[in-house]
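Below is one structure, written out as structure tokens; the observations come after it.
The values are calculated or read from the model by the stated rules, or taken from the named source; none is laboratory data. It should be emphasised that the depicted structure is a prediction, and the values quoted were computed from it without experimental measurement. Every residue, glycine among them, receives a Cβ derived from its backbone with ideal geometry; neighbour counts consider all protein chains shown. Each accessible area value is taken on the protein alone, full model and side chains, heavy atoms only, with ligands, DNA and RNA left out. Shrake-Rupley method; radii C 1.70, N 1.55, O 1.52, S 1.80 Å.
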Amino acid sequence: MPKSKRDRPVTLSKTKKKGKEHKEVIVNSIRNAVENYKSIYVFSFENMRNLKFKEFREQIKPSRLLWVGRYPMRYSQAYKVSKFLCGNTGLFLTNMPKEEVESLFNKYEDYDFARTGSTATEKVELPEGPLEQFTHEMEPFLRKQGMPVRLNKGVVELVSDFVVCEEGKPLSPESARILRLLGIKMATFKLHLICRWSAEDFELYREGLDESDVESA
């Protein structure tokens, strides 16, 4: 009698957890970087966009951008910045002059379409009437997004005024899709400097932060 397929052994592959060896690799990487660069900055970001971030990385070469947890910095001479590594933050290691770094970060920003859950920066309302920017094939899709539309002689039109989003309120998935179709960009990808460390000094950029907090970290 042939064996049932249910009796066949199943091999489950196990994925190794990132442990002590992984942490040591990160620590060594940071130590080496600290030795090669004069200054370390902690920065935060708004509305991260991977493509835009890659473009920014190209602009700042041969400086380095690193994503790390707080623990590695406690084992390096740059432990002072460890307290500020949490949430949407990273490290910028460079030999660039301070003024050049500050100018680079302060000026860099890029606009993109807002995602679901983002806060609307303005009220967007469409008046009753034809929506000539949309083809007739779009009418079913627009209706699924909650828009009160119909076809009138092959032209998509709103049968009543329609509020896409309200200023200060989170965007629904439908609102985010409609804004994209309308070409309205509400998300701004920005980078903000938090602090700077060098062998000579330490500086805070963010208001409301106290250097004594760093000393106790």
Quiz prompt | Top-ranked residue of the range 119-139 - restricted to ones that are more than 24 Å from N47 (Cβ to Cβ) and touching a helix residue (DSSP H, G or I) at 6+ places or on another chain (Cβ under 9 Å), ranked as most open to solvent (accessible area, probe 1.4 Å) | solution = Q133
Practice problem: Mind listing whichever residues of the range 140-183 are assigned to a strand (DSSP E or B), hydrophobic (A, V, I, L, M, F, W, C) and open to solvent by 30 Å² or more (accessible area, probe 1.4 Å)? | Solution: L151, V155, F162, V163
Quiz item: Looking at (1) modelled with pLDDT of 95 or more; (2) touching a Ser or Thr at 6+ places or on another chain (Cβ under 9 Å), which is the one condition that is false for T116?
Solution: (1)
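Output the number of residues of the range 184-196 satisfying the condition of being in a strand (DSSP E or B) and at pLDDT 85 or above. Spell out the reasoning first.
The first filter runs over the range 184-196 and keeps only residues in a strand (DSSP E or B), leaving 187-196.
Now narrow it down to the ones that are at pLDDT 85 or above: 192-196.
So the answer is 5.
Can you confirm whether V68 is open to solvent by less than 40 Å² (accessible area, probe 1.4 Å), at pLDDT below 85 and in a helix (DSSP H, G or I)?
Numbers: open to solvent by less than 40 Å² (accessible area, probe 1.4 Å): yes; at pLDDT below 85: yes; in a helix (DSSP H, G or I): no.
The answer is no for V68.
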Quiz item: If you check E100, E58, which single one turns out to be at pLDDT 85 or above and open to solvent by 20 Å² or more (accessible area, probe 1.4 Å)?
Solution: E100
Self-check item: Subset of the range 105-121 [hydroxyl-bearing (S, T, Y) and in a strand (DSSP E or B)]
Solution: Y111, T119
